[in-house]
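Colleague: Attaching a single structure in structure tokens format; questions to follow.
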Amino acid sequence: MIEDELIKIWQSSSNQERIKFEKSKLMIELHSSLKRLDRWWNYLELSETVLAVFGVLLSTLLLFKIPFILTKIALALMIICAVYLIIKYRGVKKFQPSDLENNYLNYLEKNREYLQAQKKFLKTYFYWGILPVYPIMLLFTISVWEKVPIYLIILINVATIGIGVYGYLLNKKRIKREITPRISGINELINQLEK
């Protein structure tokens, strides 16, 4: 009964009112979608930061325990790499808009800029997540070559390569499924609002 009345109201409304309704529906859906993505990004940043801090603490402890010079150099480079990762994640956060922007169009433009920063960050994972780590692992492998069983060295290097490839593929998937559709939605809504 109520559905029939809503259908009659919808059919009797003017095109301009329908367009306003569609715009507000898009705004609500996009805002909800952006909030979910923001929660996901905060979780990702928190987990990566916790892992990096754990890596720094563990590397610092091992730095003083392990007597081999090349291993100490590799651990010091790993500490620098982990701190760099934390700084990189924090750098994306500066683009995050507040909910209290001047107007909705400005809010959308700031969100688009924030999403583009996230997209660029995830796209460049190879350069900041893989390239710095693999030479450090090679140095570490050389430093423990005769001191550790070969199967352990192979296991550590295969795990490092596997984690790097998995992270790279996961970031590509996130860009394709999460970030790019939201940027397209924002662009569509901006175009509608500017008409």
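Colleague: Which percent of the accessible heavy-atom area of segment 124-173 goes to carbon and sulfur, probe 1.4 angstrom?
Modeller: Numbers: 2550 of 3270 Å².
Solvent-exposed carbon and sulfur of segment 124-173 make up 78 percent of the total.
Colleague: Counting pairs of alpha carbon atoms under 8 Å apart in space and at least six apart in sequence, what relative contact order in percent does segment 64-167 give? If you can, show how the numbers build up before the last one.
Modeller: Details: 50 pairs, mean separation 38.6, N = 104.
With pairs under 8 Å counted, the relative contact order is 37 percent.
Colleague: Just the Kirkwood number for segment 119-195, please: inverse of mean 1/r across all distinct Cα pairs, in Å, one decimal. Intermediate values should be presented prior to the final figure.
Modeller: Numbers: mean 1/r = 0.0662 Å⁻¹.
The answer is 15.1 Å.
Colleague: Roughly what would the spin-label model give for Val165 and Leu63, points 7 Å off Cα along C-beta, in nm?
Modeller: Between Val165 and Leu63, the label points sit 3.2 nm apart.
Colleague: Here's another thing I want to ask about it. Past 25 Å, Cα to Cα: identify those pairs from Lys72/Lys173; Lys65/Lys123; Lys72/Lys119; Lys94/Lys123; Lys110/Lys172; Lys65/Lys93, in the order given. Walk me through the intermediate numbers first.
Modeller: On the way: Lys72/Lys173 36 Å; Lys65/Lys123 37 Å; Lys72/Lys119 35 Å; Lys94/Lys123 18 Å; Lys110/Lys172 23 Å; Lys65/Lys93 36 Å.
Correct reply: Lys72/Lys173; Lys65/Lys123; Lys72/Lys119; Lys65/Lys93.
The values are calculated or read from the model by the stated rules, or taken from the named source; none is laboratory data. From a predicted model like this one, the values you see are computed outputs, not experimental measurements. Cβ coordinates were reconstructed from backbone atoms using ideal geometry, including for glycine residues, and neighbour counts include every protein chain displayed. Side chains included, ligands, DNA and RNA excluded: accessible areas come from the protein's heavy atoms. Shrake-Rupley method; radii C 1.70, N 1.55, O 1.52, S 1.80 Å.
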